[in-house]
Amino acid sequence: MESSTESPPSSIFNQKHHPPHDTVFYSIYLDSLILNSTTTPTALQSLHLQILQTLSPFTNHYIWQHQPFTLSLSIPPNPTCPCPSPSATTLPHLHGHLRYGDNLDDEWFLVFLLFHTSLRFPNLSIRLWDSDGEFLLIEAAFHLPRWLNPETALNRLFLRNGNLHIVPKTRIPNPSLIDSLKFLINSPNESLASEPIQLAVKNRISGYPEKAMKNMHTVRVRVPLSVAQVLKHEPCLISLAVEGFYDRDIDSMKFAARMERFLPRGKEEELVTVSVRMSRAMYAQLVRQTFRAPKVYPAAPPPGEREAFFEAELGMKIACGFEMMYQQRKRDGVEGRGRTWEAFRKSLEEIGYFQGLLPGSSEYQRLLKSAEEYYMNTSLHSRESELMSSPVRRIDEVLALPHSVDDFKGHDVPPSDDDSWLDNGEEELDSALLERQKEMELYESKHKKKGKGKENPDVGPSSGSKTDEFDPSNIAKSMQAFVNTLSSYKGAEAPDDRNREVDLDVDQFIKDMESIMRCPGGETANSNVEEGSSSDLDFDDSDESDMDESGEDNKDDMDAFMRSYSDVMNEQLKSTTLHRSFVRAKEQIPKKDEGTSAATEDMDEDFSPVDVDVNLVKSFLDSFSSQQGLPGPASNLLGLMGVQFPQDANKKGK
């Protein structure tokens, strides 16, 4: 099978626009359009409607963090297609993206929706990625084959029939998107990922869609009438209000200080009690931030009335968020125009949907009617997306409708949900860390069995075979071998050829050295050479005794400098407790007549020589102990050097 020569766009240096760090992208490809390029986009439109109708029951009552789930047609040519493969712009497909922000539950709920779609429609292939690349492979990192990495994963990972598929390297070394899609259709069993990889990903989305609904939090708040009116008609706009509050800056806070749109009567405005539904992430963003109410805002109940004060404070933050979002979008002119039928019909003409037929002909009218039905049906499912892109216009429409305080009185507002989960996340975090730790231990044990009996001479002896054979001196030996290893920009490694010949021009080297040598007083070494004489140093005519004397003088100067430096350093350390943190060798302090300075004579016994190896081992042991059995710098570094600490015997017996 031939493969194209697409250049991998996985690097940020060969992408025109690096994808946002909090956005996930997805594309859906229909088998019939891959195998038969002459198929009309009508089949893709039909699939589009079927997918939206299938997923609507899961998404109708879900509040997304930043933007709702969207799915749209991509008919060539489509330069705005976010797919990383250039060939994707030549394939008719469905695509979309979702910005999840700080709410990772949105991303994994989307993964569940796409898995469900692939299971419901077996004749399509789905690929999804984010700024980290193939993030599903990151979830299954401990179970991947060695050849699979970020550089080789492009166009290999797909969802199909409710399973994860990986195009094998042995079959297609450098696959293009079309190569991979055809391989999935023709050889689905060969690309099916292993069971551990499947479980790692499917365990991450287990519990959905129930878990998505559990992620919702309902709270009772007191807000101005205008805010209550907007939330009554468009409850999904709460996400934009929370975003406006959480991402506020100095300029947007000026809008909140005036509250011109949502608090027209200022302090005279009456507050009403309503129930607001949002994600847990939104609720945490509101509750965990301190924010002082604007001067124009109605007074809150006294803090002694704890429940009423909390409802009013939370409502104030929501109202200010609405004001900041509304005014800033209006000022910046970022309001979307929405999708119109005329714009949609024009786009169909540009892609050749009407096949050059004359307007008014029976076939043209048939295609036009089909397009109208498709537009009306998709508009029902894309309404929320259109609303989120044009909130200012919709808010103006809602507030133009008749409304009064009486509309919100006399209603039974349910109490707020329990928010104890805000402070009970430690157990969930510990459980997740423990699960990762088990995966890591299983991964390490498998690789130990494979590498049993093998030693790496470059990093010193290994101490991971048996607990009884553990030798602390291996730590010092391994570290010394590691430090002495030559390194390149790729890390510590030995050169391929240590005996490479060096082409050295001795005469030029001597000239260069002479030009930078300076005599005492700042004069150059050849400043006394008469004009016209050679500036080259003639070593053959020099006396060997002079050179020996010069070398001895330099050695004496260096020894004197080191003694002076040592004296000053010891004087400074006398007044500190730093010396007590080191383990010292059992050596006698040198006597004065053996060449020690006066400062050394007065030095305390605590300044005896430091045993470097012992201190190195002690530091590693302390660091490893502080990890409390979890991954950390000590175990990771020593693991790379082939040294493993034994497990605590007390823990083994438990």
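The values are calculated or read from the model by the stated rules, or taken from the named source; none is laboratory data. Since the structure is predicted, the reported quantities are computational estimates derived from the model, not experimental observations. Because the Cβ atoms are built from the backbone with ideal geometry, glycine has one as well, and the counts that use them run over all protein chains shown. Calculation scope for accessible area: heavy atoms of the full protein, side chains included, ligands and nucleic acids excluded. Shrake-Rupley method; radii C 1.70, N 1.55, O 1.52, S 1.80 Å.
Scanning the range 389-403 for residues that are surrounded by 10 or more Cβ atoms within 10 Å (Cβ to Cβ) and over 19 Å from I238 (Cα atoms) turns up just one, H403.
Let me confirm something: among R383, R366, R436, R394, which residue is in a helix (DSSP H, G or I) and modelled with pLDDT of 80 or more? Residue meeting the stated conditions: R394. Listed by first and then second residue, the pairs linking a residue in the range 20-41 that is at pLDDT 65 or above to a residue that is of a type in the set (F, W, Y), with Cβ atoms under 6 Å apart and 6 or more places separating them unless they lie on different chains, are D22/Y100; F25/W129. Restricted to the range 113-141, and to residues that are among the aromatic types (F, W, Y) and not in a helix (DSSP H, G or I), which residue is surrounded by the fewest Cβ atoms within 10 Å (Cβ to Cβ)? The selected residue is F121. Scanning the range 235-248 for residues that are open to solvent by less than 40 Å² (accessible area, probe 1.4 Å) and of a type in the set (F, W, Y) turns up just one, F245. Comparison of L154, L159, L144 shows that the only residue that is open to solvent by less than 70 Å² (accessible area, probe 1.4 Å), modelled with pLDDT under 90 and under 19 Å from I34 (Cβ atoms) is L154.
Going by what's in this entry, would V167 be described as out of contact with any Ser or Thr (no Cβ under 7 Å at 6 or more places or on another chain) and surrounded by 19 or more Cβ atoms within 10 Å (Cβ to Cβ)? Taking the combined requirement at face value, the residue does not satisfy it. Screening N149 against (1) touching a strand residue (DSSP E or B) at 6+ places or on another chain (Cβ under 7 Å); (2) surrounded by fewer than 19 Cβ atoms within 10 Å (Cβ to Cβ); (3) more than 28 Å from L49 (Cα to Cα) leaves a single unmet condition, (1). Screening V274 with (1) in contact (Cβ under 8 Å) with a residue 12 or more places away in the chain; (2) surrounded by 16 or more Cβ atoms within 10 Å (Cβ to Cβ); (3) under 36 Å from the mean Cα position of the chain (by Cα); (4) not in a loop (DSSP other than H, G, I, E, B) gives one miss only, at (3). Among the residues of the range 104-112, is there at least one that is surrounded by fewer than 21 Cβ atoms within 10 Å (Cβ to Cβ) and not in a helix (DSSP H, G or I)? Within the range 104-112, not a single residue is surrounded by fewer than 21 Cβ atoms within 10 Å (Cβ to Cβ) and not in a helix (DSSP H, G or I).
Of everything in the range 604-642 that is among the aliphatic types (A, V, I, L, M), modelled with pLDDT of 70 or more and over 30 Å from N570 (Cβ atoms), the residue that is surrounded by the most Cβ atoms within 10 Å (Cβ to Cβ) is L638.
Looking only at residues in the range 194-214 that are of a type outside the set (G, A, S) and outside any helix (DSSP H, G or I), the one that is surrounded by the fewest Cβ atoms within 10 Å (Cβ to Cβ) is P209.
The condition (being farther than 28 Å from S56 by Cβ and of a type in the set (D, E)) is satisfied by just one residue among E210, E234, E313: E313.
Do we find a residue being open to solvent by less than 30 Å² (accessible area, probe 1.4 Å), in contact with a Leu (Cβ under 8 Å, 6 or more places away or on another chain) and not in a helix (DSSP H, G or I) anywhere in the range 51-60? No: the range 51-60 contains no residue that is open to solvent by less than 30 Å² (accessible area, probe 1.4 Å), in contact with a Leu (Cβ under 8 Å, 6 or more places away or on another chain) and not in a helix (DSSP H, G or I). I172: under 26 Å from R120 (Cβ atoms) and not small (G, A, S), yes or no? Against the criterion (under 26 Å from R120 (Cβ atoms) and not small (G, A, S)), I172 does not qualify.
Pairs are defined by a Cβ separation below 9 Å, a sequence spacing of at least 6 or placement on different chains, a first member in the range 244-271 that is closer than 15 Å to M316 by Cα and in a loop (DSSP other than H, G, I, E, B), and a second member that is basic (K, R) and open to solvent by 20 Å² or more (accessible area, probe 1.4 Å); the pairs so defined are R261/K330. Within the range 55-72, does at least one residue satisfy the condition of being in contact with a Cys (Cβ under 9 Å, 6 or more places away or on another chain) and either basic (K, R) or at pLDDT below 85 (or both)? Looking for residues that are in contact with a Cys (Cβ under 9 Å, 6 or more places away or on another chain) and either basic (K, R) or at pLDDT below 85 (or both), one finds none in the range 55-72, hence no. Scanning the range 297-318 for residues that are in a helix (DSSP H, G or I), of a type in the set (D, E) and open to solvent by 70 Å² or more (accessible area, probe 1.4 Å) yields a single hit, E307.
Yes/no per residue for (1) touching a His at 6+ places or on another chain (Cβ under 9 Å); (2) of a type in the set (A, V, I, L, M, F, W, C); (3) closer than 23 Å to R394 by Cβ:
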{"position": "L199", "(1), (2), (3)": "yes, yes, no"}
{"position": "P209", "(1), (2), (3)": "yes, no, no"}
{"position": "E243", "(1), (2), (3)": "yes, no, yes"}
{"position": "G266", "(1), (2), (3)": "no, no, no"}
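Checking each residue of the range 224-234 against the condition of being touching a residue at least 24 places away in the same chain (Cβ under 8 Å), closer than 19 Å to P298 by Cβ and either part of a loop (DSSP other than H, G, I, E, B) or open to solvent by 50 Å² or more (accessible area, probe 1.4 Å) (or both) gives no match.
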